[in-house]
Amino acid sequence: MDLSTLSTLHAVFLELQEKPDWRAALDALFVSLRGSFVFDNVAIYLEDPRTKGLDVVYARAVGRGKTAEADAAWGQSLANEVILKGKMILREPTPVTGKTGRLGLAHLLAIPMYVGSKLNSALVFIRFGGPEYSELHMEIASLQAFWAAALIERRDLQQARSELNSVQRQMRLQDDFVSTISHELRTPLGFIKGYSTSLLREDTVWDIATQREFLTIIDEEADRLTRLIEDMLESARLQSKTLQFKFSPIRIDALVRDVAMRINVHHPDLQITFDFQPLPPIRGDGTRLSQVFENLFSNAIKYAPKSPIAIYMRPVGNKIRVTFSDQGEGIPQDYLPFVFERFYRVPGERTVTGTGLGLYICKQIIMAHHGNIWVESVVGEGSTFIIELPVEPMH
Ligand code: ADP
């Protein structure tokens, strides 16, 4: 290898170091060396530790001939062979069926790669037409394989790190949850205990109206406890995928109107407007879908007090799109990606009680319907929850 090749390599490696994304780094690795080493397609094959089959983890077409991903199968058998033998294979030129001229002459070069200290991967180049691969080409290709293996390891490391971060966040949320839930359980219990003790006092006689008032509070607080416990059980069942769904044809517009009517019984001042286009029925679990909308209403009442609620429904392609908007304080952008996570509550001043389970439950229910739910929000203007449910019958 001469000095000018070395300095080219040096420049390329310096460039790679700064690429945060492994794919972009691989692109740079192959493209910037094309001056010294010409090829048409390149692919990296990596053994799946579970199935032992080879997956294409990277493919790129830089030259003429084929498109990268669609045809990445071209190197598969050679990659297998290289991993088996543990050494470079040069195959010149194999005739390609159906192709004539230059494209009929495929020069293949495959190099074994060690990812995570295991011989489990291969880098394969293809070039259509001459010249043949020289000694220098092979040296460059080996260096590229070595560097590519390091980049794939970097990818694995990044994936592992992001999984770890998400587990750590989940654990932190779980810790917060224990303190939230003990507070949430204690508050209604405190009311129930306080008012029943008062009613039982032998030194005091309560008039009928006061007795009723105390009993109503006890009744409402007991309901709140029940809801809380149901939410916890439900979220645990959803998490472990043991919640059973009963699907039947549902008119989602009628379902939402029903839920709204029930909400209005308890909150007569809540203004709800509907704007529905004619919609086909969907297959769904009515009880669970009602629960989703009950949660959205209850959040709007908690986090956007006094705000009117507007509900739109439209068919969009083969889906029904429901938007549920309030004009409350909204949710800051930074927190939006997390609100559907289990136990997550937007940090900040906590005057409103909650467990962080409501939206998690909504999302799991919608996903069980093969639908999608997300939120858009502008601070100071309000929040809009969007739900899409497929119209197609589900199996
Ligand atoms: P909880 O209400 O028990 O805290 P949720 O999962 O229902 O849990 O909601 C998660 C978080 O999302 C809430 O803590 C709240 O900060 C935010 N949020 C939900 N709905 C709204 C809304 N309509 N307006 C503003 N913030 C909301």
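Step by step: first the residues of segment 295-307, then only those that are near the ligand (Cβ under 7 Å from one of its atoms) and aliphatic (A, V, I, L, M), then the one that is surrounded by the fewest Cβ atoms within 10 Å (Cβ to Cβ). Which residue is that? Break it down stepwise before answering.
Within segment 295-307, the subset near the ligand (Cβ under 7 Å from one of its atoms) is 295, 299-300, 302-304.
Now narrow it down to the ones that are aliphatic (A, V, I, L, M): 300, 304.
Details: Ala300: 25, Ala304: 18.
Step by step, filter segment 295-307, then rank; the result is Ala304.
Hey, can you tell me all the residues within segment 312-342 that are near the ligand (Cβ under 8 Å from one of its atoms) and on the phi > 0 side of the Ramachandran plot?
Gly330, the sole residue that qualifies.
Can you tell me which residue within segment 278-294, out of those that are out of contact with any Asp or Glu (no Cβ under 9 Å at 6 or more places or on another chain) and open to solvent by 30 Å² or more (accessible area, probe 1.4 Å), is farthest from Cys362 (Cα to Cα)?
Pro280
Can you name every residue in segment 63-100 that is among the charged types (D, E, K, R) and at pLDDT 90 or above?
Answer for segment 63-100, where residues must be among the charged types (D, E, K, R) and at pLDDT 90 or above: Glu81, Lys85, Lys87.
Looking only at segment 371-387, how many residues end up being more than 8 Å from the ligand (Cβ to nearest atom) and either exposed (fewer than 15 other Cβ atoms within 10 Å of the Cβ) or part of a strand (DSSP E or B) (or both)?
Within segment 371-387, residues that are more than 8 Å from the ligand (Cβ to nearest atom) and either exposed (fewer than 15 other Cβ atoms within 10 Å of the Cβ) or part of a strand (DSSP E or B) (or both) number 11.
Take Arg224 and tell me if it is basic (Lys, Arg) and in the same structural domain as Ile309 (by TED's automatic domain parsing).
When the stated conditions are applied, Arg224 does not pass them.
Hey, among Leu108, Leu143, which residue is in the same structural domain as Ala11 (by TED's automatic domain parsing) and assigned to a helix (DSSP H, G or I)?
The match here is Leu143.
Please go through segment 334-358 and pick out each residue that is within 22 Å of Pro188 (Cα to Cα) and either within 16 Å of the chain's Cα centre (by Cα) or in contact (Cβ under 8 Å) with a residue 40 or more places away in the chain (or both). Quick ask: steps written out before the conclusion?
Quick first cut of segment 334-358, residues within 22 Å of Pro188 (Cα to Cα) only: 343-345, 349-358.
Of everything in segment 334-358, those that are within 22 Å of Pro188 (Cα to Cα) and either within 16 Å of the chain's Cα centre (by Cα) or in contact (Cβ under 8 Å) with a residue 40 or more places away in the chain (or both) turn out to be Phe343, Tyr344, Arg345, Val352, Thr353, Gly354, Thr355, Gly356, Leu357, Gly358.
The values are calculated or read from the model by the stated rules, or taken from the named source; none is laboratory data. Because the structure is predicted, anything quoted here is derived from the model rather than measured. We place every Cβ from the backbone using ideal geometry, glycine too, and count neighbours over all the protein chains shown. For the accessible areas, the whole protein counts, side chains as well, though only heavy atoms, and no ligand, DNA or RNA atoms are used. Shrake-Rupley method; radii C 1.70, N 1.55, O 1.52, S 1.80 Å.
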